[in-house]
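Asker: The structure that follows is given in the form of structure tokens.
Bear in mind that the values in this text are calculations on the coordinates, not laboratory data. Source: prediction; values computed, not measured. Because the Cβ atoms are built from the backbone with ideal geometry, glycine has one as well, and the counts that use them run over all protein chains shown.
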Amino acid sequence: GIWKTAMSNTPRATLQQNTRLIDFPSLGDVRGQLCALESVSAYVPFDIKRVYYMWDVGADQVRGKHAHYTLKQVLICLGGACEVVVDDGRQRQTVRLNSPLKGLLIDGFIWREMQHFTPGATLMVLASAHYDEADYVRNYDQFLQQANEG
Ligand code: TYD
């Protein structure tokens, strides 16, 4: 399927289900870099309904700390670098995002934490739905219980 060409090689094999690192194509030339992402494509496999971004995140701050029941997201660090911890209730992995050509797709019931932002880092998130607090699980014990009950 479409993932054969879109997925990056090394990290994917070790990432848990429902999370995938995706390499975006660069349209850069001598004038500089450019990347274009389209809704419902190999690179963003859902209809983009919302875009948000965070910056000025202190090096000691941890954001996220929640899971979503239905939301799909692609996280892209546009400048600088940050880490995304993805936790499926069984194992916890840390993904470093340090390139505008790298996206982290999260499309399942995954607890995520964003941390260790470098100064000037901006993390952009493409999301499959409008903001809906009812889609959030913000309590880790509740997440663990629901993630492990099948
Ligand atoms: P929060 O969930 O704490 O952000 P993060 O996932 O980065 O840790 O959101 C901070 C506040 O912003 C909270 O009051 C909810 C609000 N918010 C929106 O209104 N719309 C959005 O799309 C997002 C992501 C957050």
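Asker: Being out of contact with any Leu (no Cβ under 8 Å at 6 or more places or on another chain) and crowded, with 16+ Cβ neighbours inside 10 Å narrows it down to one residue among A129, A147; which is it?
Answerer: Matching residue, one of A129, A147: A147.
Asker: Any idea how many residues of region 118-150 are within 11 Å of the ligand (Cβ to nearest atom) and either among the β-branched types (V, I, T) or part of a loop (DSSP other than H, G, I, E, B) (or both)?
Answerer: Count: 6.
Asker: Condition first: within 13 Å of the ligand (Cβ to nearest atom) and in a strand (DSSP E or B). Now tell me which residues in region 100-117 satisfy that.
Answerer: I106, W111, R112, E113, M114, Q115
Asker: Another question, then. With respect to G58, is the statement that it is of a type outside the set (S, T, Y) and within 12 Å of the ligand (Cβ to nearest atom) true?
Answerer: no
Asker: Hey, can you tell me all the residues within region 41-55 that are near the ligand (Cβ under 8 Å from one of its atoms) and either of a type outside the set (A, V, I, L, M) or over 15 Å from the mean Cα position of the chain (by Cα) (or both)?
Answerer: If the condition is that a residue be near the ligand (Cβ under 8 Å from one of its atoms) and either of a type outside the set (A, V, I, L, M) or over 15 Å from the mean Cα position of the chain (by Cα) (or both), then R50, Y52 are the ones that fit.
Asker: Please enumerate the residues belonging to region 64-95 that are without any contact (Cβ under 8 Å) to a residue 60 or more places away in the chain, in contact with an Asp or Glu (Cβ under 8 Å, 6 or more places away or on another chain) and basic (K, R).
Answerer: The one that is without any contact (Cβ under 8 Å) to a residue 60 or more places away in the chain, in contact with an Asp or Glu (Cβ under 8 Å, 6 or more places away or on another chain) and basic (K, R): K72.
Asker: Evaluate the following for Q73: is it polar (S, T, N, Q) and within 12 Å of the ligand (Cβ to nearest atom)?
Answerer: yes
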